[in-house]
Amino acid sequence: MKYELMGQRCIRFTDGKKEKYLEAINKGLVRIYEKKNSEDLVKLTYTFDDASFEFIDDKSTNKKAVFDFGKYTFEVGEDLLIKVREDKVPYFEECLCKETGRKSDADAFDIAVLEGAAAKEKGIEKGLKMGFCIFDGKDRFYGLGDKAAQLNRRGYDYISWNSDDPTQHNETYKSLYKSVNYVMVNHHSYKYYGVFYPSSYKCTFNLGKESDDFWSIETEKGQADYFLILGENPQQITKTYAGLVGKTLFPPFKMLGYQQSRWSFTEEEARNLVKNSKKYGLPLDYIVFDIDYMDNYKVYTVSEKWIKDMKALSDEFAAEGVGIITIIDPAVKLEKGYPLYDLLVKEKGFATFEGEEYVNRVWPGDAKYPNYFDKKTADIIAKVSKDYMKENGVACIWTDMNEPASFNGPLPDKVEFKTEEKTYYHDEVHNLYAEYMVRAISKAFTEDNKRPALVTRAGFATTAQFTTSWNGDNMSLWTHLAASLPQVATMNICNFAMNGVDIGGFNCDTTKELLIRWLEANLFSPFFRNHSSIGTLHQEPFSFDEETREIYKKMLDIRYSFTPYLYDLLHRAHECGEPVIRPLFYEYPLDEKCKECNDEIFVGGDILFAPIVNQGATSRMVYLPEGNWVDFFTGKIYEGGKEYIFSADFSETIILIKTGAVIPMFKNVKHLNKKDIDTLYLYFAPFADGEKKDLVYELYEDDGETLDYEKGIYSIFRISRNEEGTEIEQVKADYPSDYKKVVIIENGEETEADFYGSINRDL
Ligand code: GLC
């Protein structure tokens, strides 16, 4: 084995047959490759620092080469396999994937396929296989985006291939809507590392399914090339990962509000919802119109039969503080005379196959797929989106079916997406299709200095920069309710901060109890939407009885009271890559009890949330990690490091706050229209008896809707607390506050003060 230094940050190794490279990107990031995957379309945002390798061992007689990289040691052996140690302890190792006895007889499935049951087992990739050691048999695997599984994906394999399959999602479901080629691994009980595979081709992550010795990434068409993310804990690794795939979107403040959706509300139903929400005091920020509002499912059209005058309706709703969201699918109905279709034909804006425009079938029947990868087509879509939103008063666009879905069999691998520079094929761009769709539409907002108000179903690892997201067609099942917590937490550590699921469940009929518990369990979900399928029992807050409506209202009020806190978290997610919703191990990486906790989450670092997710249950065990915790509803303080039984009947949930924490809150707010909210509440959690600690909370404020914050137009208030007192100082004052009053909530009492009068002095 020979190596050569290619500058300070890159080393080339060769054994005479193949070559391999180690490239230091920054102190937490090393790229390891034989050949790089193309970055033409997978746009990564990593930045270099002065990280470099330092050669330390020449006793090797060509058998190995050893380099220091900060506190890590990289060793490359004759076989060109990489071993990384941290403090002499194995940290990360490549290995060969040896056959083990544990195998599934995938080729013998034909008979089972007849029944349909085992069809999904097929399709494991052959080809390139990159193997990595499992060290002590206990490694845990987190990440991979929206897969509907428990936090720890150990023992399963998952295929990155964006798929629209509305049958029941669960842990053995190999592909869902998004492809997030990222895992964070925990081993030796205290070490964590991350691996990101930057290819958009189909690939499989096999997380120790066949073996307890190795895990692997397999691909037919991608290159041997991955990023190794080094770090002491999940916080560092998550931050570095966010720097690699791009800052998560900072959406408009209003999008933290409640969205009421259903396939498909009529104009009258929508009006009644707005009216009833007002009448009964239920918060509401958006009404969502699903596909039937369109004229024959033609995107960017409105059927006058369905909604007489969309602009008039949106003005009417806007006056009530409610925005309109409409669905837009990618495929364009094949119909001469339909302006968008004609325009895209004229401008050669559709994907082609064997020289013809490619046709498949989706909601509108035969339809063609816009080639969003082509700049000219993307610009057309941006313009059409902008005009459409303006003309109809649409506040937010919900993009769906962008895997892309196709009812007439999958798109062939060789469907062509031509750009000025080159022709891309479907097998390379499939997983990026949704991203390029939302990239195009997001321009309709950013060109006007507005933050994108967008939702997507499909996506790639890098897509959260442009859009919020939800996790597709779940079912009204208790198992899916329970799965929503690890799913949203996982999406969050994968940089998809503004994520959520359909509250109440999409397919199948919900029940009164399931709906309420679902709302409760998703109370902190950044993306917050109740949505259900056509043909199922209605599940709007007014669909059951008065009791349901009352509890629903109570829970929505609780959600809205925490929105300033959620907004601060979203801002930090955007700026620093910190997730909003966090699995417990993110905050307590060394606590074994936190590593597989699927029914509790952290909201930021200060709120521990433990909803009830089982039918009929009115109490549950809650594990409180180290520290002291105060029950938000009773004020009782609990010592952490233990399990407790908490009760919460149907109309209650369980929220614990770190003692001494500061939580900014609202009261009695029904719509998140920032400028209309003039009172900020600051909840000061009590300290435990004799507890001494210093806490600092930074409250962020801006206009909540434009991109002005990028120009520094925002304010930051620093609130410092210890057991002796609290101080607020304004450390950045570039946005004149919308708040007139501040109310301190402490020990059950509320004290009102003039907002600016409270700043820069002790409270
Ligand atoms: C897809 C979406 C679902 C939507 C339906 C009709 O199934 O996932 O949310 O309601 O299409 O547009």
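Brief remarks on what is shown
- Gyration tensor (alpha-carbon) shape descriptor, region 600-671, a/c threshold 1.5: oblate
- For region 382-493, a simple Cβ point-charge model (Lys and Arg +1, Asp and Glu -1, everything else neutral) yields a dipole of about 360 debye relative to the Cα centre.
- Whole-Hz Karplus values for region 177-191 come out as 6, 10, 10, 10, 7, 9, 10, 10, 10, 10, 8, 6, 6, 10, 9 Hz, taken residue by residue from phi with 6.51 cos²θ - 1.76 cosθ + 1.60 and θ = phi - 60°; glycine and proline positions read x.
- Cα gyration tensor category, rounded, prolate or oblate, for region 521-643 with a/c compared to 1.5: prolate
- For 716, 493, the sequence from fewest to most other C-beta atoms within 10 Å is 716, 493.
- Highest to lowest packing among 249-262, 182-195, scored as the average C-beta count within 10 Å: 249-262, 182-195
- Cα shape, region 288-428, gyration tensor, a/c 1.5 rule: prolate
- Evaluating kT/(6 pi eta Rh) at 20 °C and 1.002 mPa s, with the Kirkwood radius of region 154-301 over Cα pairs in the Stokes-Einstein relation, gives 110 µm² s⁻¹.
- Karplus (6.51, -1.76, 1.60) ³J(HN,Hα), θ = phi - 60°, over region 722-731, in Hz, Gly and Pro reported as x: 8, 5, 8, x, 9, 9, 10, 10, 8, 9
- Here's how it looks for residue 733: its modeled amide H is under 5 Å from those of 716, which are all 5 or more places away or on a different chain.
- Cβ crowding within 10 Å averaged over residues, with 279-288, 737-746 ranked highest first: 279-288, 737-746
- Residue by residue, region 384-401 carries 3J(HN,Hα) couplings of 4, 5, 5, 4, 4, 5, 5, 4, 9, x, 7, 8, 8, 10, 9, 9, 9, 6 Hz when phi is fed to the Karplus relation 6.51 cos²θ - 1.76 cosθ + 1.60 (θ = phi - 60°); x denotes Gly or Pro.
- Lys, Arg +1 and Asp, Glu -1 on Cβ, resulting dipole of the chain about Cα centre, debye, nearest 20: 1060
- Positive-end residue, the chain charge dipole about Cα centroid, Cβ charges, pick of 326, 134, 555: 134
- Residue 336 sits among other residues whose Cβ lies under 13 Å from its own Cβ, and their net charge, with Lys and Arg +1 and Asp and Glu -1, is 0.
- Residue (of 645, 623, 682) at the positive-pole extreme of region 607-683, dipole from beta-carbon charges: 682
- Sorted fewest first by neighbouring Cβ atoms within 10 angstrom, 692, 147 come out as 692, 147.
- Fraction of the pair-distance distribution of region 1-100 above 24 Å, Cα-Cα pairs, percent: 23
- Taking each DSSP H run with n ≥ 4 as -39500 (n - 2.57) and averaging over every residue of the chain yields -6000 deg cm²/dmol at 222 nm.
- Note on the chain: Cα-only Rg and Dmax are 26.3, 82 Å.
Every number here is computed from the coordinates shown, using simple stated rules; none is lab data. These figures come from a predicted structure and were not determined experimentally. Don't worry about glycine lacking a Cβ; one is built from the backbone with ideal geometry, like all the others, and counts go over all protein chains shown.
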